[in-house]
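Structure, as C-alpha cells:
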Amino acid sequence: MEGNGLLGSHSFSVIFPGVRLSAITAIIYGPSRGVSSHVNIVRRKGCCLIESNPSPHGGRGALPSEGGSPSDLLFLAGGGVPTVVSNHQKDEASDGSVGGCGRNCLRACCVNRARLPLYVCKKVEDSGEKAREPPVAFLESLVLGEWEDRYQRGLFRYDLTACVTKVIPGKYGFIAQLNEGRHLKRPTEFRVDKVLQSFDGSKFNFTKVSQEELLFQFEAGEDSEARFFPCMPLVAENSPSVVAINVSPIEYGHVLLIPRVLDCLPQRMDHKSMLLALHMASESKNPYFRVGYNSLGAFATINHLHFQAYYLAMPFPLEKASSKEMMITTDNGVKISELLSYPMRGLLFEGGNSMQDLSDTVSDACVCLQNNNVPFNVLISDCGRRIFLMPQCYAEKQALGEVSPEVFESQVNPAVWEISGHMVLKRKEDYEGATEEKACRLLSDASLSEERFKEVNALIFEAIVNQEEELEGTKVHQQKTSSSVNQRSNRSHGGPGTECLVLQ
Amino acid sequence: MSITQSSASLFSTTEEKEGTFNARYSLWIKEALDELPHSFTITDPFISGHPIVFASPGFLKMTGYSREEVIGRNGRAFQGPKTNRRSIMEIREAIREERPVQVSILNYRKSGSPFWMLFHMIPVFGNDDGRVIHFVAVQVPISGQKMRNGSGCSEMVFGSCRREVCLGSFVHQERALPVECDEQELENWEHCEASESEKLKSAEAVGSVLSVLTRYSEFAGRLVCGKRNCLRGADCLSSSLVISLGRIKQSFVLTNPCLPDMPIVYASDAFLTLTGYKRHEVLGQNCRFLSGVDTDSSVLYEMKECILKGQPCTVQILNYSNRKDKSTFWNLLHISPVRNASGKTAYFVGVQMEASCKDIESKELRPETRQLSVVGAVRVAVRSSFMATC
C-alpha cells in the first residue's frame, strides 16, 4: 500500500478541481494509480447503499471443469454449497501463462510487483494482562483498517452489515444470519472422503488472488517486540505468509490467513502453521477475534492451506460449553477436556507452559486425525488460550443419505463457524424458522458417535504421548507397552469413559 | 503496575476518577460505603477501560493493595495465569448483557499469592433513564471445604503428577483444608465451589451496598436501583457498547440520524481533548458547533449530501476548537454510516484527524489506515451490541 496522503494543508477544491464532493464516496490513499481514476472506480462500484439483502455482484465467467464423475457418491451434488472466497475463484483457469495475466496475482507473472505491509509478531508471550488496559492493538488496527479500506472500495461480493442477524432463543444462544449472497449453487471441487489430498495447481488456489485482496504479510518473529514495516515486497525465498480478505464474509473483518502462500501447501495442518494461527489470535488481543480451520472433508472449500478469522463481539455457543478435564496428564502443562452438554462431541485444549506447547499438542492431535482420515474442525478462541478440536463425520453421512431431511434442505454445511454456533442461512424461510432444535440437529448429525469419539480420542492421546516421549528422548518401553495393552483391551471391551495414561 | 492510559484521557489521577463517582451521589457517599465491612468494588462502564472507581477497605485488605493502586484499574488486573478462562468469559458476558452474575474465580493478591473467591456482581441502573450507571462487585473468600473437579473426586487420585496425589488425599478425607495449605495447590484446582453460607454472605453484601447507593442517589435527586425500571432511551447507548467504544483511543463521535438534528450520542476522550470541549457540552449537540466563520460551506453541504445518501466520505474541513487558545485546526474528517444487526443504519461515525499532525514516521501504520480502523472497530461494536440476547 504505497502512496502518501494527498491532502496536506491544501483546501479540498484545489486537489480535486471540477469534481463534485458528492461524487466522491471515499478518498483512497492507495497505490500508484492517479487519484482521479480512483474516484471513477469508486463511483462505479458505489458501495454501501444496498437495497436488497444483500445484492450480490455479477458472476465472473464460466466454472473451471472439475475432475471426477458427477455421479460419484463422494461428490456432494446439490447438498454442498461452497462459498467463493476470492473474486477470481470462478474465473477460467489461466495457469501456464507466464507473460503477465493482467490480474496482479501472486504467481510468477505478477508476484514481483507485490508490496504489502508486514507485521512480525513478538516471540515472547505476554505474561498476562496485569493492569494494562490495552489500546486498540496494532494488529487489530491493521486488520480493521485494511479491511474497512477494501470494504469501502467495494471488493466484497455483498455488504455483510446489511445481513440481518439474531440470537436464536434457547439455552445455547446460537447465532443466525440471513445471507443470501454468500453461497454458490454448485458442487464442491474435490472429493470429500479424503482428508489428505495433494495440492492441484490447476484448481483455484491463493496464488491466483488479486493483490488488492491481500491485506498484509504476517510472520512469527524472534524478538521481544512486534515489528511493523509499511511496505515490503513478497520474496519467495522467505516463504511469506499473508492475510487476505474473504470476499464472501460472514462477519466484519473476515480474513484468510494463508501460511507460506507461495509454497502452495495443501489443506493439511502442520505445527508451524498452527503456531502462526495462534499468534494471530494472540496478537489481536481481542477475545472476539477467532481463528478457525476446516480440514478437507469438514467443508474446507479450497485445497490450499488456510485459516479463517473474523470479529463477532459475542460469545459462540461452543465457547460457553462446559467441559470436563480428561485424565491424560501431559508434561508440557496442556490441559485437555472433553465437552459436556454440547450437541457435538469435541475436545478443548488449554493451558500449556507456553503457546508453543499448546500449539504443538493440538497439532499432534490434528496430524493424528489427518493420518487416520478423520475430518475435523478447529476453533482458536480467547486470544489463542482455548482451542477446540471437533472431529466430524457429516460428509460421510451426507453421502450415505443419513442426514436429517430438514437440515439437509437448509443446505447448511457444518464447517467450523456453524459448529461454533454461528449459522449462516441462505434462505429467508430458514432464517425465519431457525430454531435451537434445528441447529442442535445439524451439530449432532455432524458429531461422532460416543463410541467412535472414544476410539478417536484414544488415537489422539497415543499420538500426543508418543510425541512427548520422542521429544524428551525417554525410553519407557515397559510402561508404554502396558498402557497400549490397556488401550486395546479398553477399546474392545468398551472400557471406562476416560483413558488413564501414566506418564513418567 | 501503573495504569497505561493515553495522554488523551481526562482521568489521569485517582481524585479525578473518584470525582465522577462522587458526582453521581450526594456528599458523604464514600464515607458511608467505607463503613461497610464487606469487600467490594464499584466500576464505571462509561469511563474508557471500565475502571474501578471505588474500592472498599475490605477489598484493599483482602488483596493487599492501596487505594491509589486500585482506582482506575480494570477488574482483570486481579486475574492471573491460572484463573479459569471460562469464568472470565462468564463475567465478561454478564457485563455485556447487563445482568448479575455469581461465579467462583481464582484471583491474585498484590504479593502474587492466589486465592479463591466468590465473585458476585450486579448492574446498578438509573431509575429515570434505565441505563447502567455502575456495576457493583462483591468478593467473598472461599474456604475451600468442598473441591469439585468434574464428576468425581476419586479421579484425582490417578495420575503420576505428585501434586495431584496430594490433593487426592485431602479430598478423600472430606476435611477442610488446613490453614497452612500450600497456596500453589490452589492454582491447580479446576473449580472451587462456594458454600451456601458464603453465597448468602455475598447476597447480603450486595444488598447492603445497593441500599447505600440507593439512599445517597435519592438525596442527590438521581435515583439508582437494582432493577431496570424503564426501557433505555433512544439516545442512551448500552453500557456494553460504551465499553467497546471506550477501547478505541482515537478521536471520533457517534451521531444518531434517527433523532432530530442528528445529535452526538457518543464522543471519545480523544475527541474532547482535540476539540477542548467537555463531554456534557457535546452530547446531544449536532457537530456543527465545530464549524465557524471560515469553514467552507460548500464542503459542509457536500457532507450533508453524503449523509443523506448514506455514503461514506472524507473531507478536509476547518474546525474551531474550544481549547485555551481557541485555535482553529484542519480536520481530516471521515464519516460513514454504521448499521446494527437488523441491517439498518443506526449511527454515523465521524473520525477526526488533525491534518497538521500526521505521523510521517515510516514505522507506523498509515494515518488513513488508523482512521479507517476506527470505523471498523465501531462497526463491530455496533453490530454485535444490537443483537437481542435471551
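Each reported figure results from applying straightforward, stated rules to the coordinates on display, with no laboratory input. As the structure is a computational prediction, the values presented were derived from the model and not from experiment. FYI the Cβ positions are ideal-geometry reconstructions off the backbone, even for glycines, and counts take in every protein chain you see.
Tabulated results
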read-out	value
Rounded, prolate or oblate (a/c below 1.5 giving rounded, otherwise prolate when a/b exceeds b/c) for the stretch A:304-391 by Cα gyration tensor	rounded
For the stretch A:259-301: rounded, prolate or oblate by the Cα gyration tensor [a/c cutoff 1.5]	oblate
Descending principal axes extents, the stretch B:277-328, alpha-carbon based, whole Å	36, 24, 15
Over 28 Å between alpha carbons, listed pairs A:K285/A:K438; A:K203/A:K397; A:K285/B:K82	A:K285/A:K438
Inter-chain shielding of A:161-171 (mean C-beta neighbours from other protein chains, 10 Å cut-off)	5
Packing-based exposure ordering (other Cβ within 10 Å, fewest first) of A:D331, B:D261	B:D261, A:D331
Within 10 Å of each Cβ in B:78-86, the average number of Cβ atoms from other chains	4
Neighbour-count ranking [beta-carbon atoms within 10 angstrom, fewest first] of A:E146, A:E455	A:E455, A:E146
Semi-axis lengths (Å, descending) of the ellipsoid that matches the C-alpha gyration tensor of the stretch B:29-98	22, 15, 12
Shielding of B:240-251 by partner chains, average beta-carbon count, 10 Å	2
Dipole of the stretch B:239-387 [Lys/Arg +1, Asp/Glu -1 at C-beta], most positive-end residue of B:S298, B:Q316, B:H334	B:H334
Cα shape, the stretch B:239-387, gyration tensor, a/c 1.5 rule	rounded
Residues B:C230, A:C110, A:C393, sorted so that the one with the fewest Cβ neighbours within 10 Å comes first	B:C230, A:C110, A:C393
In Hz, Karplus ³J(HN,Hα) per residue of the stretch B:108-125 (6.51, -1.76, 1.60; θ = phi - 60°; x = Gly, Pro)	10, 7, 4, 5, x, 7, x, 8, 8, 8, 8, 9, 10, 10, 9, x, 10, 9
Using θ = phi - 60° and Karplus 6.51 cos²θ - 1.76 cosθ + 1.60, couplings along the stretch B:204-213 (whole Hz; Gly, Pro as x)	4, 4, 4, x, 4, 4, 4, 5, 5, 4
